[in-house]
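Participant: Next up is a structure, given as structure tokens.
A short reminder: the numbers here are calculations on the coordinates, not readings from a lab. Owing to the predicted nature of the structure, the values given are computational and were not obtained by experimental measurement. Methodologically, a virtual Cβ is constructed for each residue, glycine included, from the backbone with ideal geometry; neighbour enumeration extends over all protein chains shown.
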């Protein structure tokens, strides 16, 4: 029995599809307020001979607390970035150490790559706190989805006993790098949790009829059958990415069991993409 998802909740049958790129209308205008230096009118007007004077307004206690909180966030963000830079340096030294074996070197490389993504997430979080993400649109560029997927599968495979099979072909789409990484990481992470430590997850990246398809199957109990947790928040991240990219996300019952998630985006012609750290063989079984 399939599962559908909509803004009204979950139902027991059908297929969930989120599509189309919608743009919210402009926010409603703010009410008029009195300009600085002009007194508010009173009943009957101003008395003869009176003068309206503007006065300097002392910042309120709430305003001072807000300034301190913003400064505190900036200071903490500064320290977090320094710690991330330290981890990156240590992982780089471990990766190049002469007394480290190939498996440890691979894990050090993965720590390095994951820390770089964490640094990007931290910067995006700080921009959100500062209100910058509301006005700065995501940057779409041609990226190779198969390489991004290979990196995510490699990272997740090192941290779970779930068997992850990965098949991919060279596949290009226009997308924001960080947004696609977040969406894919959530889909694969949800599938691994649903399948469990002895289960299986299949990840495929391919192109069909002008669309790129990122398909993730698991052999767990099926969507909605696992205890409630953070999966719903992760799926909201995937839905928002699909809408922003003008794509579609589908969630349906797997065959014969489990869950299947398909993320579709318009295909892009092969282009010059920035390198993705941690590239690995796209046919590897982890």
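Participant: So for 211, 117, fewest C-beta neighbours within 10 Å to most, what's the order?
Facilitator: So the ranking, lowest neighbour count to highest, is 211, 117.
Participant: Can you compute the modelled spin-label distance between residue 118 and residue 87, with each label point 7 Å from Cα toward Cβ, in nm?
Facilitator: 0.1
Participant: Over 18 Å, how big is the tail of the calculated P(r) for the range 66-129, in percent of all Cα pairs? Please report the intermediate quantities before stating the final value.
Facilitator: Details: 940 of 2016 pairs.
When all Cα pairs of the range 66-129 are counted, 47 percent exceed 18 Å.
Participant: Please give the contour-minus-distance gain from residue 128 to residue 236: 0.36 nm per residue of separation, less the Cα-Cα distance, rounded to one decimal in nm.
Facilitator: Taking 0.36 nm per residue and subtracting the Cα distance, the gain is 37.2 nm.
Participant: With a point put 7 Å past each Cα toward its Cβ, work out how far residue 76 is from residue 159 in nm, to one decimal.
Facilitator: The two pseudo-label positions are separated by 2.1 nm.
Participant: Another question about this same structure. Suppose R0 equals 35 Å; then what is the FRET efficiency for residue 97 and residue 209 from their Cβ-Cβ distance, rounded to the nearest 0.05? All intermediate terms of the calculation are to be shown ahead of the outcome.
Facilitator: On the way: r = 48 Å, r/R0 = 1.38.
Result of the calculation: an efficiency of 0.15.
Participant: Mean separation of Cα pairs under 8 Å and 6+ residues apart, divided by the residue count of the range 66-129: what relative contact order is that in percent?
Facilitator: Across the range 66-129, relative contact order equals 37 percent.
Participant: Rank these for me by crowding, 200, 82, going from fewest to most other beta carbons within 10 Å.
Facilitator: Ordered from fewest to most neighbouring Cβ atoms within 10 Å, 200, 82 come out as 82, 200.
Participant: Could you work out how far the C-alpha centroid of the range 171-204 sits from that of the range 111-127, in angstrom?
Facilitator: Centre-to-centre (Cα) distance: 18 Å.
Participant: Now for a separate question. Fewest to most neighbouring Cβ within 10 Å: what's the order for 219, 146? Numbers along the way, then the final one.
Facilitator: On the way: 219 21, 146 24.
Ascending number of Cβ neighbours within 10 Å: 219, 146.
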